[in-house]
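Structure record follows, encoded as structure tokens.
The values are calculated or read from the model by the stated rules, or taken from the named source; none is laboratory data. Values in this document were obtained by computation on a predicted structure and should not be read as measured data. Glycine also receives a Cβ, built like all others from the backbone with ideal geometry; neighbour counts cover every protein chain displayed. Heads up: the accessible areas ignore ligands, DNA and RNA and are worked out on the full protein's heavy atoms, side chains in. Shrake-Rupley method; radii C 1.70, N 1.55, O 1.52, S 1.80 Å.
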Amino acid sequence: MHNKIAKILEQLNAVLLGKEQQTKLALVCLLADGHLLIEDLPGMGKTTLAGALAKTLGLDYQRVQFTSDMLPADILGVSIFDKQRQQFSFHQGPVFTQVLLADEINRASPKTQSALLEAMEERKVSIDKHSYSLGQPFFVIATQNPQDQAGTFPLPESQLDRFMMRIELGFPNKDAELAMLKEQTAATSINAIIDSQQLQTMQAAVKKVQASDALLNYLIRLVNESRYAAEYANALSPRCSKSLLNAAKAMAFIEQRDYVVPEDIQAVFASVTDHRLNGVHGVKQGSQALSQTLLNSVDPLQS
Amino acid sequence: MLEFLTRQSLSLILLSYALIMVLLTDQLHSVMIIFGLLCALWRVAVFTGRVALLNKLITNIFTLICSALVIALVYQQGMLSILVHLVVLGFSLKFLELKSVRDVHFFVNTGFVLVALFLVFNQSILMAGIAMVSTLLLLTILLSLHAKALANYQQFKLLSKAVLLSVPLAVVLFVVLPRLPSMWKMPLQNKATTGLSDSVSPGSIAELSQSSELAFRASFDGKIPAAATRYWRVLTLDQFDGKTWTQSSQLKYQEQQVKIGKGPIFNRGSLQYQSKNTRSSTQSVATKENSYQIIIEPHYKHYLPSLDFAKATAGRVLLSDYSLRTLKPVFKRQAFTIDQFNQVDQISQSPQSLKQSLQLPTGGNPKTKAWIATQQASGLDSYSILEQLLAKFNQENFRYTLKPALLGEQQIDDFLFTSQAGFCVHYASTYLYVARALNVPARMVTGYLGGELDSDSEFLSVRQYDAHAWVEIWKNQQWQRVDPTAYVAPERVEQGIMQGLDDQSEFLSGQYLSIHRWQANPFLNQLRSAFAKADYLWAVWVINYDNEKQFKLLQNLLKGLPWLNLSILILLLLLSAASILILWVFKPWQTEKVPSEDRLFNKLYQKSAQQHLIREKGQTIADYCHALSQLTTAEPQLLIDFAKLYNQIKFKPNLSATQRKRLLVELNELQKKISKQF
């Protein structure tokens, strides 16, 4: 199983050069069964990463380009009257898939954004008194532009909280960009390395990774610090602590350990908590991200 | 104004106020009680909203005026009484300004002072119990004020817990703490006294006999003397005016000397008598026969009952009439050890005192004189005539009663020939009259006779109804005791006053509640003697627990452990108290135990932090080790292994104990290896 993971990472890194950290986190997010938000400027490879992830994991995927005139029905589906059968029949929208690539999610109106809410948390869609279950696995990989760009509707905190992780790609370094430009002609083909069945086995294995009391204690102290210290305007929710633990477990799994250590938590901490701590209008304070301040103020050695 | 007291708090305050006032009723002027009642009522009226609290200026002026009035009222009664009244005044006036929690604290603390004052006047175990109850009540006020949220039973629980926890501490402090002499002195008070009065006219001792109050208790080192020889001497009365027996001026002078604190000087004076006196009879050295301890109830006088014969010692004076006096009045329950000697030492009778013992009012009592004359005519000598008189008491129709008929002008005649009914004083008085008329020096001695042994024959309780009067006559150059009552009612002498009475219903008549009246009921009897015993032990071991007793007790306790002496014991106790305090403050059982792996890391860290790198607060061990590996000369792999192993021990769940041990050993070796390479 771990060979496969190494191969997946290898392939992702071949697609997105010089972003090992980010690809690893993206994989962690999917292994932990969480939704992923990729935020960066246009043209940084957000969609590339999202698409590569879906393909590499051998999942069906639908890509939806969000625009400001989009309606919920454009995502969820719609009931249309069938003249021949004299009844309404439901036409599934793009959400009925294994991976939903929600491109530029913050360009859509809040109404459309919130249509994704139920789908993301409950993994089902309710239309006209009917509930339709989504397939397993189901991921939303969303990309968004920074909020200071024109034509964006910021995601509300409630929706941000539903994303397990938010990652930023950032500019590639010189070497990576050089390599990218050189390779432009030879387009790398992306193969499915595992299928959805194997992915689910891996997810099950991640869930079996153990966390000791000492570790949970550390996690709780971290979360509590955000709740009781004055610096943090938005405290971390219990859903966040759950996400933190699951992500840390996935990280431990990738690191080939069957138990979680504080390093795992620290590795995923920024991407799991930053978007929650900052909130919609959050601005980074000083040189350090809030998540880093939080990490630095809790001693992992105490018990 | 907003009422800060709850109904519960106020009722508790009123209840404890009432209890304390009842306890102190004996000491207080009745005006104080009425005044206190008014203050309390006024506060209740404030509570119900009928009146408002006074302003401060008015209260202060009022307080000053009341203090002045109270001082004027009780000025005559001495310092202690003034003190008590002033504290009670403050206690009552507190009702006028009970408007904040601080005031209630003040009230409660004053209450504690008053309970302590109550214990100055009352030392029996029953009273101590009542004082304890009052203290608890005062504590309950505090609880009701500060723990309003708790239910009643929870408050009760809290209170009992606090009290129970403090009991062992109190006991240890009581037993072990050195008994320093008090640095302050209790002011004396001029109080109406109980017990024997310094004058008797036939009729007044009857009152005394009706009181079952305890006079004193005695326990003997040697054999307990027989009831009929237990004549506790207190006072000598040698002046008779035809109705009342009093002390002669000579004796009064001696008492006065004792009162103004000139006891020792007076003792020297008695030695002077001896050198002048040629008829000295008591030159030989007295030998000690017995020794007994007396625990005397407070009577506010200098009297100290003693068996014949006692000696003057430090703090005690022996008067020329052989009775013993303390240098300070007995104002609390106090213990005295007295040695009994076979004869009196160093005091001889001056001619004046013998002359005084012949004093009689001129004239009167013609019948008695005629009777004496007839006896003399038949050729009997003086002593035989006296014996004839005793025989007359015994054989004729004389009765022993506590309710004699009143006697007329010619007291002796009336008694001897008409009423023929009376108690000790009547018989003693008559015998004395006849003796003096016959020119035999004689004097009346008052004191106590007998006393009741407890069930274990351990101690003797002498009560006020054991008061007695008897006679001493000068015969063969010494004073000899004659008890005329014994010829009328020998049971009185041998068994006590109840058996001595012809009509036993006279005993403690009117005092149906007195437990002593119901001596026939076996259950009550048992109860009474059990209680008496508890009170006795209380007096011996608590009230009179002094340096000597403490020393003895500790010596006994330490006997089993020869290496332990008193100073080491006190040192040990202080040490253990200190360690308990330290444990209590630092609570080591609550501090987290540092796990072994963390200890090993800390060992490593102490070295590396000094030389290389200080760990940031949020840095994990692995990160730190990684950062360290870049900086030191130590093999990087060792550091990485160390971190890995550490994480495994610390965070891998379900490690078995043996696994864990093995890993810890490994970690320890790694730590040593790395430390060496620094």
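General observations
- In the frame of its principal axes, chain B has Cα extents of 138, 71, 51 Å, reported largest first.
- With R₀ set to 35 Å, the beta-carbon distance separating A:Ser68 from A:Met180 gives a calculated FRET efficiency near 0.65.
- Oblate is the label for the range A:163-258, because the ratio a/c of its alpha-carbon gyration tensor axes (a ≥ b ≥ c) is 1.5 or higher and a/b is not greater than b/c.
- Listed cross-link partners A:Lys208/B:Lys650; A:Lys4/A:Lys24; B:Lys587/B:Lys607; A:Lys249/B:Lys593; B:Lys644/B:Lys673; B:Lys607/B:Lys661 are compared with a 21 Å cut-off, the Cα-Cα value being larger for B:Lys587/B:Lys607; A:Lys249/B:Lys593; B:Lys607/B:Lys661.
- The helix-only estimate of mean residue ellipticity at 222 nm for chain A, built from DSSP H runs of length n ≥ 4 each weighted as -39500 (n - 2.57), is -14000 deg cm²/dmol after division by the residue total.
- The slack in the chain from B:Thr59 to B:Trp42, taken as 0.36 nm per residue of separation less the alpha-carbon distance, amounts to 4.8 nm.
- Overall, the range B:199-504 carries a charge dipole of about 1260 debye about its Cα centre when +1 sits on the Cβ of Lys and Arg and -1 on the Cβ of Asp and Glu, all other atoms neutral.
- In degrees, nearest ten, helix B:125-146 long axis to first principal axis of chain B (Cα): 40
- Given charges at Cβ of Lys, Arg, Asp, Glu: chain A dipole, positive-most of A:Leu199, A:Ser212, A:Gly34: A:Leu199
- For the range A:1-126, the alpha-carbon coordinates run over 54, 33, 23 Å along the three principal axes, in decreasing order.
- Buried area at the A:B interface is about 1700 square angstrom, summed over both chains, from accessible surfaces computed with a 1.4 angstrom probe.
- Bridge orientation summary for the protein assembly as shown: considering DSSP beta bridges with both residues in this region, about 75 percent are antiparallel.
- Simple Cβ-charge dipole of the range B:596-677, Lys/Arg +1 and Asp/Glu -1, about Cα centre, in debye nearest 20: 280
- Mean-position separation - Cα centroids, the range B:618-676 and the range B:381-441, in angstrom: 112
- Working note: 222 nm ellipticity from helices only, DSSP H runs with n ≥ 4, each -39,500 (n - 2.57), summed and divided by the residues of chain B, gives -16500 deg cm²/dmol to the nearest 500.
- Magnitude of the charge dipole, chain B, Cβ model with Lys/Arg +1 and Asp/Glu -1, debye to 20: 2860
- Helix B:566-586 and the longest principal axis of the C-alpha atoms of chain B enclose an angle of approximately 40°.
- Solvent exposure of the protein assembly as shown as accessible area per residue, Å², 1.4 Å probe: 50
- In this rough spin-label picture, where each label sits 7 Å from Cα along the Cβ direction, the B:Leu83-A:Ser158 distance is 7.7 nm.
- Ranked by how many other beta carbons lie within 10 Å on average, peptides B:53-61, B:367-375, B:544-552 from highest: B:367-375, B:544-552, B:53-61
- Cα shape, the range B:199-504, gyration tensor, a/c 1.5 rule: oblate
- Nonlocal amide H pairs with A:Met165, under 5 Å, H built at 1.01 Å: A:His35, A:Leu37
- Candidates B:Leu663, B:Ala40, B:Gln526 compared by Cα position along the dipole of chain B: farthest toward the positive end lies B:Leu663, with charges placed on Cβ.
- Centroid-to-centroid separation of the range B:574-609 and the range B:51-90 [C-alpha atoms, Å]: 57
- Degrees, to the nearest 10: B:101-121 long Cα axis against longest axis of chain B: 40
- For the range B:596-677, a Kirkwood radius taken over Cα pairs fed into Stokes-Einstein (37 °C, viscosity 0.692 mPa s) yields D = 257 µm²/s.
- Shape category assigned to the range A:34-76 from the gyration tensor of Cα positions, a/c cut at 1.5: oblate
- Only protein atoms count toward the accessible area here, which uses a 1.4 Å probe; on chain A, the carbon and sulfur part of that area reaches 50 percent.
- Taking every DSSP bridge with both residues inside chain B, close to 95 percent are antiparallel.
- Partner chain coverage, peptide B:622-628 - average Cβ within 10 angstrom: 2
- Peptide A:249-261 shows a mean partner chain C-beta count of 2 within 10 Å per residue C-beta.
- Computed over all pairs of different Cα atoms, the Kirkwood value for the hydrodynamic radius of the protein assembly as shown is 39.4 Å.
- Simple label model, 7 Å out from Cα along Cβ direction - B:Asn342 to B:Val594, nm: 8.1
- With every protein chain in place, chain B: carbon and sulfur % of accessible area (1.4 Å): 61
- Across peptide A:17-29, the mean count of Cβ atoms from other chains lying within 10 Å of each residue's own Cβ comes to 0.
- In units of the rule-of-thumb radius 2.2 N^0.38 Å, the range B:7-149 shows an alpha carbon radius of gyration of 1.04.
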